[in-house]
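Presented below is the structure to which this report refers.
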Amino acid sequence: MRRKPPAAALHASPDDVEAQFYEALQRGDIALLMAVWADDDEIVCVHPGGGRLVGAAQIRESFEAIFANGGVPAQPEKIHRLQTLTSAVHHLVERIAVQGPEGEQQAWVLATNVYLKTAEGWRLVAHHASPADADDLHPAAEGPSTLH
C-alpha cells in the first residue's frame, strides 16, 4: 500500500514544488526531495550524462548516491514556464558552484521539470538534466513566432 505524502509536502503551485526540490538538492535531504515526486510508478529522472531512471525506488537510490558526497549547490536560473490547469513544464538553467584546483568555478546544467496537479497538490513527474556549455546560456534571438 502506498503512503500519502505528509501534509507539509502539499504544494499550491509548481513554483512551490520547484523551490522545495532545489532546497532538498542543496541540503542533500533525501526525504524532502522524495516528497516532491508524484506517487506514481512512471515518474522519471535523467541526471546529466546518465540514463533514464523510472520509478521512485530508482530515483531515490540515485539521489542517495549523489547525496553521499553532500548536497548539490544547484541554483535555478532563467526559468521558462509553460502551465495549464493540470500540468506545468519548467525549462531552466541550473548554476552549480564547484570547487576546482583554481578555486570556485561555475558549472551549468540545462534542466526540464514536469509537474502534474494531483489530489495531493502539485507534484514532480519528470526531471531531465543535461550538461550545458556557455553557448546554452544565452537566449535565442527573437524572431517570428510562427513556424511557416
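Read-outs throughout are calculated quantities, based only on the coordinates presented, and are distinct from any laboratory measurement. Note that this is a predicted model, so its numbers are computed, not measured. A quick note on method: Cβ atoms are made from the backbone with ideal geometry, for glycine too, and the neighbour counts reach across all protein chains shown.
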Q | Check on Q105, over 17 Å from H128 (Cα atoms), free of Cβ contacts under 8 Å to residues at least 12 places away in the same chain and out of contact with any His (no Cβ under 7 Å at 6 or more places or on another chain) | A | yes
Q) W122: free of Cβ contacts under 8 Å to residues at least 40 places away in the same chain and either under 17 Å from the mean Cα position of the chain (by Cα) or closer than 19 Å to L33 by Cβ (or both), yes or no? A) no
Q. Looking at R60, R52, which one is over 24 Å from A12 (Cβ atoms), without any contact (Cβ under 8 Å) to a residue 40 or more places away in the chain and either loosely packed, with under 11 Cβ neighbours inside 10 Å or out of contact with any helix residue (DSSP H, G or I) (no Cβ under 8 Å at 6 or more places or on another chain) (or both)?
A. R52
Q. Which of the residues spanning region 63-90 are touching a Lys or Arg at 6+ places or on another chain (Cβ under 8 Å) and without any contact (Cβ under 8 Å) to a residue 40 or more places away in the chain?
A. E77, L85, T86, S87, V89
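For (1) farther than 15 Å from W37 by Cβ; (2) under 15 Å from the mean Cα position of the chain (by Cα); (3) among the acidic types (D, E), each residue gets a yes or a no:
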| site | (1), (2), (3) |
| --- | --- |
| V72 | yes, yes, no |
| P76 | yes, yes, no |
| V89 | yes, yes, no |
| I96 | yes, yes, no |
| Q99 | yes, no, no |
| N113 | no, yes, no |
| L116 | no, yes, no |
